[in-house]
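The values are calculated or read from the model by the stated rules, or taken from the named source; none is laboratory data. All of these numbers come straight from a predicted model, not from anything done at the bench. Neighbour counts run over all protein chains shown; Cβ positions are idealised from the backbone, glycine included. Just the protein is used for accessible areas: all its heavy atoms, side chains included, with ligands, DNA and RNA removed. Shrake-Rupley method; radii C 1.70, N 1.55, O 1.52, S 1.80 Å.
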Amino acid sequence: MGKAKKAQKFAVMKKMVTSKALKRHKEEVLNPNKKVENKEKTSRNVPYVPSALFFKYNTALGPPYRVLVDTNFINFSIQNKLDLEKGMMDCLYAKCTPCITDCVMAELEKLGQKYRVALRIAKDPRFERLLCTHKGTYADDCIVDRVTQHKCYIVATCDRDLKRRIRKIPGVPIMYITKHQYSIERLPEATIGGLQEFKLTGSLQAIGRQVTQNGKFDLIYTQSSGVKSCLGKVR
């Protein structure tokens, strides 16, 4: 049988030997162990994972909580007539220590006389002062770096960009202001002692018993007179 004719390929060019290819070939011939030496020199960057993290849950958080306060959080607290320490205790039901960094103090001082009340609140002796060793006075970068290194803080801010940056860091809760009160997100139930069982009173006792016997739901909420209350916890 005769050989089958191969179809001619369209627009195929011969490979040209470039000067870079020649140079690389010479280096490989002269120094065959160069690649091995380069591999040995390059160090592996293994990301550091804190031992306090259990997946995304931070076991290092616990009362008394240390709250890193941002500049705008103090200003919005004044607008909503909220006391920092009292509002935090009402939100977390535990002792809280607001922490003010040097960057936040510098930003408040730069804002001038209009924000002198916020500066006076930040200088409260009950608050903990944190020293900054970096250059510049940009508070957002300072807070993000500090929270990345130490997972024992709650970040209090109303800035959307800072919230977006903090959400990328696992195990760091965010405190913000909503409906004239402080609220918290990303704080696991394990750090606040689990869900507490509430005593059922009045006509709600029968509903609570019926739900617990059924055992389908962990928590049942009822809304009466505009107040949302927890009925119980199924074991």
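Of all residues in the range 70-89, those satisfying the criterion of being of a type in the set (A, V, I, L, M, F, W, C), in a helix (DSSP H, G or I) and over 19 Å from LEU130 (Cβ atoms) are PHE76, ILE78, MET89. Checking each residue in the range 44-77 for being hydroxyl-bearing (Ser, Thr, Tyr) and surrounded by 18 or more Cβ atoms within 10 Å (Cβ to Cβ) picks out TYR65, THR71, SER77.
Of the residues VAL17, VAL49, the single one that is under 30 Å from THR148 (Cβ atoms) and at pLDDT 70 or above is VAL49.
Which residue is nearest to the chain's Cα centre (by Cα), if the candidates are limited to the range 78-90 and must be open to solvent by 30 Å² or more (accessible area, probe 1.4 Å) and not acidic (Asp, Glu)? The selected residue is MET89.
Of the residues making up the range 91-105, just one is open to solvent by 20 Å² or more (accessible area, probe 1.4 Å) and farther than 25 Å from GLY62 by Cβ, namely ASP102.
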